[in-house]
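Q: Next up is a structure, given as structure tokens.
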Amino acid sequence: MRFTIKALAVAAVVVAASVGASQMAGLEARQVETVYMFKGTQGAMAYTIDQTGRNLPEQYAPWSFLKPVSTKGPTFQAGADKAALAEVEAKGFSVSVYTITSEPTITVPER
């Protein structure tokens, strides 16, 4: 009998309650050409218009800067990050929390 592990990746977009109205004040929908990618705690990843990451929620701090990212590519225009880009354009940042769970499965060899 063999055992294999099947990893299930679950992505949930989290809107942090700690975001105050002051961070959203004055923000209008805008067209963003470059966003800045950050990594936080608890599996959080974020895109923001603020290169320093100061507008990111404290809930997942500390935030570590990863890289600037162009929004002109297919991932943002039609792909997986299209919703995140719309959120960045509306409020200045988007946070996603990625969790990975393992579910053991039993593989029985055919005879």
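The values are calculated or read from the model by the stated rules, or taken from the named source; none is laboratory data. If you're wondering where the values come from, they're calculated on a predicted model, not measured in any experiment. Accessible surface areas use protein heavy atoms only, side chains included; no ligands, DNA or RNA. Shrake-Rupley method; radii C 1.70, N 1.55, O 1.52, S 1.80 Å.
Q: Would you kindly find the accessible area of residue 100, with a 1.4 Å probe and non-protein molecules such as ligands, DNA and RNA excluded, rounding to the nearest 10 Å²?
A: Number for this one is 130 Å².
Q: For the range 50-103, what does the alpha-carbon gyration tensor say about shape, rounded, prolate or oblate, given a ≥ b ≥ c as the root eigenvalues, a/c under 1.5 as rounded, and a/b over b/c as prolate?
A: oblate
Q: Could you report the accessible area of residue 60 in Å², rounded to 10, computed with a 1.4 Å probe on the protein chains as they sit in the structure?
A: 10
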